[in-house]
Amino acid sequence: RVAAAALQLGISKENVVAFTKTMINFGEVTQEALGASSKQLVRFGELFHVPQTELDRLASTLVKLGFGLRTSSSEVLDMASKLGSMGKAAGMSVQQVLGFSGGLASVGIEAGRGGMAIGNMIADMSRAVAGGNEMLGLFAATAGMTSEKFSIAFKQNAMGALLAFFEGINQLQKRGGDVFGKRAQRLLRAA
């Protein structure tokens with residue numbers, strides 16, 4: 001069944017045996033359903049141009065993230081699947097998307113709504129950097145940067161700029177600021 005599904009997912013004949021073994025091992029280790037995981041793994045790999053011969057490494061990374069971050073591999077893969085296209089469009093690497101997805105899943109953010117919200121925020125940041133609109137100033141101020149510095153940071157390392165933004169929110173909250181106040185309302189209206 002796994003081999004037949006692999007062929008339907010576009011795994012080449014020469015890679016079917018290795019992929020089948022990888023997915024069976026993945027299912028045994030993680031206790032995950034093979035069908036959905038196989039499809040997500042292949043699609044995520046295709047998005048980031050991961051060669052079919054390296055999907056075993058991708059599956060192994062998911063297992064390590066799941067165990068290391070006390071979440072499940074399927075939660076990490078679900079989140080990565082939600083964030084993948086926006087992350088890639090923003091210039092994030094497969095490693096950055098997987099690590100970020102693992103972190104989000106480990107703190108209980110579910111892939112459905114949470115992944116969509118984070119993906120939309122990454123898209124909003126990308127548009128703000130490209131267009132230099134009001135949102136750029138808000139993202140930059142929250143990250144503790146000027147608009148110009150935030151734009152440069154985002155273009156060079158979108159993940160770093162995103163983390164600076166989250167750290168800015170964290171610092172604002174620690175100082176007793178209202179992270180859901182006027183600044184957040186302006187961001188929501190602009191979005």
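Coordinate-derived values only; no laboratory data. Just so it is clear, the structure is predicted and the values come from calculations on it, not from any experiment. Heads up, the Cβs are rebuilt from the backbone with ideal geometry, glycines too, and the neighbour counts pull from every protein chain shown.
For the residue pair Ala89 and Lys39, what label-to-label distance in nm results when each label sits 7 Å from Cα along the Cα-to-beta-carbon direction?
Result for the modelled spin labels: 2.2 nm.
Grab the beta carbon distance between Glu14 and Glu46, set R0 = 22 Å, and tell me the FRET efficiency rounded to 0.05. Don't skip to the end; give the middle numbers.
Numbers: r = 17 Å, r/R0 = 0.77.
Once the sixth-power term is evaluated, E becomes 0.85.
Between (i) 36, 17, 13; (ii) 71, 23, 13; (iii) 25, 19, 18, which entry matches semi-axes √(5λ) of the Cα gyration tensor in Å as derived from the coordinates of this structure?
Given (i) 36, 17, 13; (ii) 71, 23, 13; (iii) 25, 19, 18, the calculated one carries the label (i).
Sum -39500 (n - 2.57) across every DSSP H segment of at least 4 residues in the chain, then divide by the residue count to get the 222 nm mean residue ellipticity, nearest 500. Don't jump to the answer; show the numbers that get you there.
Details: 11 runs with 142 residues, N = 191.
Theoretical 222 nm ellipticity from helices: -23500 deg cm²/dmol.
With a point put 7 Å past each Cα toward its Cβ, work out how far Arg70 is from Glu134 in nm, to one decimal.
4.2 nm
Between Lys155 and Arg113, what length comes free when the chain is fully extended (0.36 nm per residue of separation minus the Cα-Cα distance, one decimal in nm)? Don't jump to the answer; show the numbers that get you there.
Values: separation 42, 0.36 × 42 = 15.12 nm, distance 2.62 nm.
Residue separation times 0.36 nm, minus the Cα-Cα distance, leaves 12.5 nm.
Starting from the 7 Å offset along Cα-to-Cβ, what nm value, one decimal, do you get for the label separation of Arg127 and Gln173?
Rounded to a tenth, the inter-label distance reads 2.5 nm.
Stretch Phe166-Lys21 to full length: gain in nm at 0.36 nm per residue minus the Cα-Cα span? Mind dumping the intermediate values first?
Details: separation 145, 0.36 × 145 = 52.20 nm, distance 3.92 nm.
So the chain would gain 48.3 nm between Phe166 and Lys21.
Too long at a 19 Å Cα-Cα cut-off: which of Lys149/Lys174; Lys39/Lys82; Lys88/Lys155? Each step should come with its number before you reach the end.
Values: Lys149/Lys174 24 Å; Lys39/Lys82 13 Å; Lys88/Lys155 12 Å.
Violating the 19 Å limit, Cα to Cα: Lys149/Lys174.
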